[in-house]
Amino acid sequence: MRGASDVAVVAAFSALIIGSDLALSGPEFSNIKLLDTLVFVSAYLFGFRVGAAVAVVSETAWSFVSPIGMAGAITPFLVTGELLFALAGWAASRAWGKKVGVLSVNSIFIGASLAICAFLWDLETNAATALISYWPSLGVPQLLATMFNPFTLLFSIAHEGSDFAFGVLVAPAFITVIPRALGRRP
Amino acid sequence: MMPTKGTFWGVVAVLAALLVLSSTATVIYYGEYEAAASQNQIYAGELKTALASYRTLQGSYDSSLSDYNETISLLVTAVANLNTSTPAYQEASVALSTLWGEYQALASSAGETHLIYGMHMLVDYGNGTRVWYNDTAAQPGWNAYVVTLVLLDGRVQATWYPQYGEHFVTGIGGVSDSQSEYWFLLTYNSSSSWQVAQVGADAIPAVNGTTFAWIYCPENSEYLPTCPLP
């Protein structure tokens, strides 16, 4: 029974993520996604296993159906990076409990956790971009130039800033509302 | 004076001869007319068949042109999403410009009118060389990166970041980023004139009249160009 409800949770979160990704796929929302927050929330509420499943399913699906085009060889790196959010969500639930109010101190901690994960995700995927672009002749200068440049910085700022904001405002709301909707005690 | 009997029969003979001659000529020409008419029928039939074949050919040609148009569109989508170091990208990005030129020539000679946007692009190489590409044709669905690629015959160095859906352009027309100078993308609109693009080239859609520029320039501590905007 637990397995069935977990599958339902993974399916519901993944559907929500793909829908929100699509809604935020315009250039005006470059690198701003609810995906990270929702993976974090799923792991926070339902444990690492569910969070990781949501991360793998949604990121893999998005890598294929994104209107930008298929992500290709970088897909495994995107999925691996997304697991960070699941891990952070699970760890956060252990550290700060189930009660998190919007704009509370804990919500700021969650925002900060998401921002750190976003930073690490950008770092990891930019390194993967360098690996894929320059393989097999990748050198340190190319790696550094691909990972750290004004171009990636702009995307990173948008990613980290939006993840922080979603962590402070959206994640606590989900963490409060979803257990109530499911008839669970927080 | 009455004509003699001999004269009378002579005239009759001449008239009869004329009748015979004209009848013979008529029969000959009628025969030839019949032959010509029959030949005409054959030619008309052949012409009809040829016309039908021509129409089929024209239909096939129009369909081929449409397919050509769609193929270029698909190729552009592929090029815009390929890792820039792959041979497929490198070959396609160079071929794209030629294919687009050939398609336009074919479409215009066939009198075909496909929807094409006119875009304007400036490339400022930072050494006094400024090249304007005015009213250049772009297919609906293209973006500033693809337009740059096509106009410069693929001579664009870039890294594709699939996670952002953007190319980081590091070289244009054989001039690459250095330790102190970089390529900046500018957009233009009539109200605010030139400004540094807030998004990458892939996020600037090709619509009629879109104007953008690439300038090669040193940057300040805020990663903004220090040279005067065009």
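Residues that are hydroxyl-bearing (Ser, Thr, Tyr) and more than 14 Å from every other protein chain (Cβ to nearest Cβ): does region B:149-172 have at least one? Reasoning before the result, please.
Start the filter on region B:149-172 by keeping residues that are hydroxyl-bearing (Ser, Thr, Tyr), which leaves B:159, B:161, B:164, B:170.
Subsequent filtering for residues that are more than 14 Å from every other protein chain (Cβ to nearest Cβ) retains none.
No, region B:149-172 has no match at all.
Kindly provide the set of residues from region A:47-69 that are in contact (Cβ under 8 Å) with a residue 40 or more places away in the chain, within 14 Å of chain B (Cβ to nearest Cβ) and not in a helix (DSSP H, G or I), ordered by number.
First, the residues of region A:47-69 that are in contact (Cβ under 8 Å) with a residue 40 or more places away in the chain: A:47-50, A:53-54, A:57-58, A:61-62, A:65-68.
Those still in the list that are within 14 Å of chain B (Cβ to nearest Cβ) too: A:62, A:65-68.
Within region A:47-69, A:66, A:67, A:68 meet the criteria.
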For region A:20-46, which positions are of a type outside the set (Ser, Thr, Tyr), away from chain B (no Cβ under 14 Å) and within 21 Å of residue A:164 (Cα to Cα)?
A:23, A:34, A:38, A:39, A:40, A:41, A:43, A:45
Tell me the residue from A:103, A:84 that is in contact (Cβ under 8 Å) with a residue 24 or more places away in the chain, aliphatic (A, V, I, L, M) and under 22 Å from residue A:123 (Cα atoms), please.
A:84
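Sort through A:95, A:43, A:73 and tell me the only one that's at pLDDT 95 or above, out of contact with any His (no Cβ under 8 Å at 6 or more places or on another chain) and not basic (Lys, Arg). Write out each step before concluding.
Values: A:95 fails: at pLDDT 95 or above; A:73 fails: at pLDDT 95 or above.
So the residue among A:95, A:43, A:73 that is at pLDDT 95 or above, out of contact with any His (no Cβ under 8 Å at 6 or more places or on another chain) and not basic (Lys, Arg) is A:43.
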Give the residue that is farthest from residue A:25 (Cα to Cα), with candidates limited to residues of region A:70-83 that are crowded, with 18+ Cβ neighbours inside 10 Å and more than 9 Å from chain B (Cβ to nearest Cβ).
A:83
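Just checking, does region B:151-162 include any residue being assigned to a loop (DSSP other than H, G, I, E, B), in contact with a strand residue (DSSP E or B) (Cβ under 6 Å, 6 or more places away or on another chain) and modelled with pLDDT of 90 or more? So that I can check it myself, show each step before the final result.
Start the filter on region B:151-162 by keeping residues that are assigned to a loop (DSSP other than H, G, I, E, B), which leaves B:152-155, B:162.
Okay, now just the ones that are also in contact with a strand residue (DSSP E or B) (Cβ under 6 Å, 6 or more places away or on another chain), so none.
No, the conditions are met nowhere in region B:151-162.
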All positions within region B:188-204 that are more than 12 Å from chain A (Cβ to nearest Cβ) and either in contact with a His (Cβ under 9 Å, 6 or more places away or on another chain) or surrounded by 14 or more Cβ atoms within 10 Å (Cβ to Cβ) (or both)
B:188, B:194
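Residue by residue, here is whether (1) at pLDDT 90 or above; (2) touching a Leu at 6+ places or on another chain (Cβ under 6 Å) holds:
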{"site": "B:116", "(1), (2)": "no, no"}
{"site": "B:124", "(1), (2)": "yes, no"}
{"site": "B:140", "(1), (2)": "no, yes"}
{"site": "B:172", "(1), (2)": "yes, no"}
{"site": "B:195", "(1), (2)": "yes, no"}
{"site": "B:202", "(1), (2)": "yes, no"}
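Taking region B:120-135 only, how many residues are assigned to a strand (DSSP E or B) and among the aromatic types (Phe, Trp, Tyr)?
Filtering region B:120-135 for residues assigned to a strand (DSSP E or B) gives B:120-124, B:130-135.
Going one step further and asking which of them are among the aromatic types (Phe, Trp, Tyr), we end up with B:132-133.
The total comes to 2.
Can you spot a residue in region B:196-206 that is among the small types (Gly, Ala, Ser) and under 16 Å from residue B:151 (Cα atoms)? So that I can check it myself, show each step before the final result.
Going residue by residue through region B:196-206, those that are among the small types (Gly, Ala, Ser) are B:197, B:200-201, B:203, B:206.
Subset that is under 16 Å from residue B:151 (Cα atoms): B:201, B:206.
Within region B:196-206, one or more residues are among the small types (Gly, Ala, Ser) and under 16 Å from residue B:151 (Cα atoms).
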Only one of A:129, A:75 is in contact with a strand residue (DSSP E or B) (Cβ under 6 Å, 6 or more places away or on another chain), free of Cβ contacts under 8 Å to residues at least 60 places away in the same chain and within 30 Å of residue B:73 (Cα to Cα); which?
A:129
Can you pull out every residue in region A:79-118 that is more than 17 Å from residue A:17 (Cβ to Cβ) and among the small types (Gly, Ala, Ser)?
A:91, A:92, A:93, A:95, A:97, A:101, A:104, A:107, A:111, A:112, A:113, A:115
Restricting region B:181-201 to residues that are small (Gly, Ala, Ser) and closer than 20 Å to residue A:151 by Cα, which is nearest to the chain's Cα centre (by Cα)?
B:201
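So, in region A:133-162, exactly how many residues are part of a helix (DSSP H, G or I), within 14 Å of chain B (Cβ to nearest Cβ) and not hydroxyl-bearing (Ser, Thr, Tyr)?
15
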If I ask for residues that are modelled with pLDDT of 85 or more and touching a helix residue (DSSP H, G or I) at 6+ places or on another chain (Cβ under 9 Å), which ones from region B:204-223 would you list?
B:204, B:205, B:206, B:210, B:212, B:214, B:219
Counting just the residues of region A:17-44 that are within 25 Å of residue A:183 (Cβ to Cβ) and out of contact with any helix residue (DSSP H, G or I) (no Cβ under 6 Å at 6 or more places or on another chain), which one comes out surrounded by the fewest Cβ atoms within 10 Å (Cβ to Cβ)?
A:19
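May I ask you to list the residues in region B:72-91 that are away from every other protein chain (no Cβ under 14 Å) and without any contact (Cβ under 8 Å) to a residue 24 or more places away in the chain?
So the first thing to find is which residues in region B:72-91 are away from every other protein chain (no Cβ under 14 Å), and the list is B:72, B:91.
Across region B:72-91, the qualifying residue is only B:91.
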Just give me the residues in region B:205-227 being touching a Ser or Thr at 6+ places or on another chain (Cβ under 9 Å), part of a loop (DSSP other than H, G, I, E, B) and surrounded by fewer than 21 Cβ atoms within 10 Å (Cβ to Cβ), in sequence order.
B:220
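Kindly indicate which of A:106, A:126 is among the polar types (S, T, N, Q), within 13 Å of chain B (Cβ to nearest Cβ), within 19 Å of the chain's Cα centre (by Cα) and assigned to a helix (DSSP H, G or I).
A:126
The values are calculated or read from the model by the stated rules, or taken from the named source; none is laboratory data. Quick caveat: nothing in here was measured; it's all calculated off a predicted structure. Backbone-built Cβ (ideal geometry, glycine too); neighbour counts: all protein chains shown.
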